[in-house]
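A quick write-up on the structure given underneath.
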Amino acid sequence: MVRLYNVIPGKSIEDTLECQVPVTLERLEREIIKRHRAELPGEYLNEDGLFNHRLIISGDAKGNRLDYRHPDIAGGSEVWFMVPMVGG
Amino acid sequence: MDGPVTIKGDVKLNGYTGKLLRVNLTNGKITVEEIPESYLKDYIGGSGLAVRYLYDEIPVDSDVFDENNKLFFSVGPLNGKMFPTSGRFVVSCRSPLTGIWLDSSASGRFAYNLKRAGYDAVSVEGKSDKPVYLMIDNDRIEIRDASMAWGKMVSEAIKGIFDDSGLKKASCFAIGPAGEKLVKMACMIGDTGKAAGRGGSGALMGSKKLKAVIVYGNQEMQVSDEAAWKDLIKELTAKINAHPVSEALKNFGTSVAMAMTIQSGDAPIKNWKDGAWDGFMNISGITMAKTILRKHEPQCLACPIRCCRYVEIDDGPYQMKGEGPEYETMGSFGSMCLNDNLESIAYANMLCNEYGMDTISVGASVSFAMEAYEKGIISKEDTGGVALQWGSAEAILAIIRQIANRESLGALLGEGVRTAAEKLGHGAADFAIEVKGLELPMHDPRAFFAFGPTYATSPRGACHTHGYVGAYDGQGVMPEAGLDQPQDPHAMTGKGFLAKIVQDFDSVVQSAVICLFATYSIGPTEMARALTIATGVPFNAQDVLKTGERIFNLQRAFNSRFGITSADDKLPARLLTSKEGSPVAGFVPNIKEQLAEYYDVRDWEVDGKPSKSKLKEIGLDFVIGDLYA
């Protein structure tokens with residue numbers, strides 16, 4: 001399960017994706033970006049065509065950060081991508 | 001309205017009415033006076049105008065409930081003419097809860113009506129000996145009997161006042177029973193659930209026996225360049241609409257951030273003690289949108305963001321309809337109390353709105369009491385038989401009622417957690433999470449380090465709106481102030497600087513007066529353009545920041561006179577330990593170093609006073625004699 005919160009502005013998306021194994025964060029991001037490129041703000045992507053992690057946090061369902069060094073993230077039940085915002 | 005104020009010969013200062021309405025409830029005297037030009041140019045309006053007046057007029061040797069404490073309602077040059085998010089007004093006083101500076105803003109239609117009635121500010125002074133309400137109907141001002149509304153919940157009271165006044169399209173803000181009983185976290189509520197929430201201004205209203213203020217105005221406002229004004233509104237509305245945060249707020253409301261806290265670690269859990277909780281998704285705006293949210297109009301006036309929620313619960317024990325809970329309320333009655341029952345939080349929000357109380361302080365007080373109960377410091381004998389177990393929605397609702405009615409444990413909790421902890425003893429102060437007597441809002445300085453110095457130095461105590469650093473820490477820039485790149489939220493340096501520049505800018509935002517959510521899109525440059533077009537006085541971005549610095553320092557000087565020093569600029573010890581189990585475990589702000597940096601960039605002395613040279617530089621020479629006598 002992949003959850004995208006505010007990565008596409010104003011949208012909450014919960015989706016299941018097919019991805020080449022081992023599932024790395026980079027492969028997952030490329031798949032998400034391929035699907036949603038038209039809706040993603042330019043500043044949310046970096047020069048490598050991946051998510052700009054200065055703005056987008058990636059983590060598991062418990063809030064543990066995921067990064068490109070993880071060899072396989074398929075074991076976790078959920079992967080979150082989120083643009084944090086402070087409510088008021 | 002007589003038109004713009006004439007200043008310096010033929011120069012016209014547009015964007016203002018130039019008038020202050022003074023209403024003395026002791027003798028019934030009502031006067032209108034001209035606001036000095038320098039006050040408007042140097043302090044803008046709203047919060048800034050309020051501190052310029054109240055610094056001079058509230059005596060230091062007085063009690064907060066003395067008749068010489070004043071309620072100062074004010075708007076700014078961006079109000080009254082459909083500037084985006086300009087439905088906000090500010091009410092200021094010396095806080096009954098903290099004893100120091102308080103300004104609190106609320107949205108709705110009050111600001112629009114007050115401005116169009118012909119006033120930039122209303123100062124309510126003295127005390128009535130019987131319940132009254134203030135009616136402002138353009139230039140018809142009356143202090144009227146409110147006995148039919150006294151003792152009533154907010155919505156019923158407002159209905160009665162509308163009926164009595166005969167005004168149909170007015171805006172009305174009222175206190176509920178909590179304000180009448182001088183509960184120190186009481187606030188005024190109006191325009192279907194909008195709250196000037198923090199610091200206890202509702203208790204001051206209650207002490208003056210002022211039940212409500214109703215205002216209607218229909219006079220045209222003038223700005224210096226009508227065509228440019230229309231173009232600016234169009235441009236900035238489009239810019240606000242295009243911002244990702246606006247879109248999230250529009251679709252899910254502020255409580256969308258509850259879901260995000262799972263990754264950001266922002267929301268507090270169990271009175272700030274724990275790092276992880278499984279309930280966040282159940283109380284997020286995303287869940288609310290799928291369950292109890294209903295479409296409803298109107299939203300705040302002139303607001304393209306439209307974050308307000310309207311909810312209905314048709315079945316079960318928490319049946320209600322009305323304003324939905326905001327993020328802060330989800331935190332205070334939700335994660336803080338380990339309560340993931342969304343409907344109960346909506347009900348708790350409704351109760352607080354009807355009694356007229358600040359959901360942040362009330363929820364924080366309930367979670368404080370739950371911890372005291374868990375530790376055995378209080379028992380059922382103290383709580384009126386309520387089992388104050390973590391997660392108990394019924395306990396939360398029972399304590400809300402107790403606080404509002406000053407009954408049982410609620411009589412103590414309604415004084416705020418600082419006072420409650422002092423009276424309880426047995427180490428309760430260790431988990432009374434407050435700064436300068438104001439309970440913390442629901443944002444963790446361990447998730448966004450810039451909240452550290454911001455909370456520690458905010459003029460009204462722990463506050464996220466006098467320095468909305470969450471809009472900058474990690475993602476925002478303010479190149480006009482030298483912030484060219486977003487800061488890492490956990491950077492060990494730079495947070496004193498960040499807190500300072502955001503506090504300065506937001507001081508102008510609270511004086512103009514617009515919503516902080518607009519600041520994702522409106523920075524000092526856009527603010528300068530808006531002020532210039534509105535008033536005809538040329539502002540640039542540096543003028544805006546300097547004006548904000550002046551306002552912020554005058555509020556600090558106000559507090560210095562009431563005894564605030566650097567010793568009061570601190571964070572609760574609990575927030576200076578690792579938030580284990582959270583995404584931000586191991587990240588702890590070094591508040592000592594942050595404050596050293598902050599004092600340096602502010603040019604404050606080690607005792608916490610603005611330096612003489614700084615005061616001279618920003619035009620506050622007149623306070624030097626008070627602070628350095």
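Laboratory data are not the source of any read-out in this text; all were calculated from the coordinates shown. What you see is a predicted model; the values in this text were computed from it and never measured. Virtual Cβ from ideal backbone geometry, glycine too; neighbours counted across all protein chains shown.
Some notes on this structure:
- Pairs with C-alpha atoms separated by more than 18 Å, drawn from the list B:K159/B:K181; B:K273/B:K579; B:K436/B:K546, are B:K159/B:K181; B:K436/B:K546.
- Phi angles of segment B:604-619 translate, via the Karplus equation with coefficients 6.51, -1.76, 1.60 and θ = phi - 60°, into HN-Hα couplings of 9, 6, 5, 7, x, 8, x, 5, 4, 5, 5, 4, 5, 4, 9, x Hz per residue; Gly and Pro are given as x.
- Exposed trypsin sites (Lys or Arg not before Pro) absent: longest stretch of chain B, with sites in DSSP loops and at most 12 other Cβ within 10 Å deemed exposed: B:296-629
- 3J(HN,Hα) along segment B:428-438: 4, 4, 5, 10, 8, 8, 8, 10, 6, x, 9 Hz, from the Karplus curve 6.51 cos²θ - 1.76 cosθ + 1.60 with θ = phi - 60°, whole Hz, x for Gly and Pro.
- Residues with amide H under 5 Å from that of A:V79, placed H, sequence gap 5 or more: A:V2, A:R3
- Among the listed pairs B:K230/B:K250; B:K115/B:K295; A:K62/B:K184; B:K423/B:K570; B:K184/B:K211, those beyond 26 Å (Cα-Cα): B:K115/B:K295; A:K62/B:K184
- 222 nm mean residue ellipticity, helices alone, for the protein assembly as shown (DSSP H n ≥ 4; -39,500 (n - 2.57); rounded to 500): -10500 deg cm²/dmol
- Rounded Å value of the spacing that divides the Cα centres of segment A:28-71 and segment B:44-99: 45 Å
- Anisotropy class of chain B from Cα gyration tensor, a/c 1.5 cut: rounded
- Listed values for segment B:227-232 are Karplus-derived 3J(HN,Hα) couplings in whole Hz (6.51 cos²θ - 1.76 cosθ + 1.60, θ = phi - 60°), namely 5, 5, 4, 5, 5, 5, and x replaces Gly and Pro.
- Residue separation of B:K230 and B:E312 scaled by 0.36 nm, minus their Cα-Cα distance, works out to 25.8 nm of gained length.
- Nearby aspartates and glutamates by direct alpha-carbon distance to B:K290 (threshold 13 angstrom, same-chain neighbours under 8 apart not counted): B:E312, B:E343
- Dipole in debye (nearest 20) - the protein assembly as shown, about Cα centre, beta carbon charges: Lys, Arg +1; Asp, Glu -1: 920 debye
- Distant-in-sequence amide H partners of B:F89 (H built 1.01 Å from N, under 5 Å): B:A106, B:A111
- Based on C-alpha pairs under 8 angstrom that are at least 6 apart in sequence, chain B has a relative contact order of 15 percent.
- Shape call, segment B:499-629: gyration tensor on alpha carbons, a/c limit 1.5: oblate
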